[in-house]
Structure formats: C-alpha cells, structure tokens
C-alpha cells in the first residue's frame with residue numbers, strides 16, 4: 001500500500017459531509033466511544049481538543065492550554081434548523 005492510499009483511507013474514515021448543510025466535517029470518536037461530527041477548523045471558543053492515533057482515527061480529548069480547540073458541528077450547523 002502506498003503512502004497516498006493510506007492517507008486517503010484515513011481521510012475517508014475521518015472526514016465527511018454534513019447531510020444538513022453540506023459542509024465538510026471531521027468524524028471524531030468521543031469519550032464514550034460514539035463518533036460525532038466536528039468542525040474541521042480550530043475555534044478559540046471550542047470545548048475539546050482532537051488527537052489522532054497511529055491508525056489515523058480522531059479522538060476527543062479534554063481542552064488543554066496550548067492545544068487547538070474544536071467545536072461539535074451540530075452546534076454551528078446552518079442546516080440544523082431546517
């Protein structure tokens with residue numbers, strides 16, 4: 001397997017498109033093991049950090065000083081009210 005195909009596989013597992021608004025989201029595994037969509041860009045008002053394990057999966061981590069913070073996509077989705 002080439003490096004590019006490994007990267008593509010990881011991106012397919014961790015990114016997607018919101019069905020309500022069409023924006024790109026990150027699929028993050030939360031503290032209880034359930035996956036949820038997060039906005040892909042860091043947000044100073046975010047409530048959690050994200051780490052990636054060796055397999056490429058994204059995991060929610062507690063907010064910590066000096067780390068990029070992210071927000072759940074559902075809290076900002078423009079299509080959620082429709």
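What follows draws every value from the coordinates through simple rules; no lab data is involved. In this text, all values refer to a predicted model and were calculated from it rather than measured experimentally. All Cβ positions, glycine included, derive from the backbone under ideal geometry; neighbour counts span all protein chains shown.
Numerical summary
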quantity	calculated
Length gained when the stretch residue 68-residue 24 is fully extended (0.36 nm per residue, less Cα-Cα span)	14.0 nm
Distance (nanometres) between label positions extended 7 Å along Cα→Cβ at residue 31 and residue 75	1.3
For region 3-75, convex hull of alpha carbons as volume per residue, Å³	103
Taking region 3-75 and dividing mean pair separation by its residue count, relative contact order in percent (alpha carbons under 8 Å, at least six apart)	28
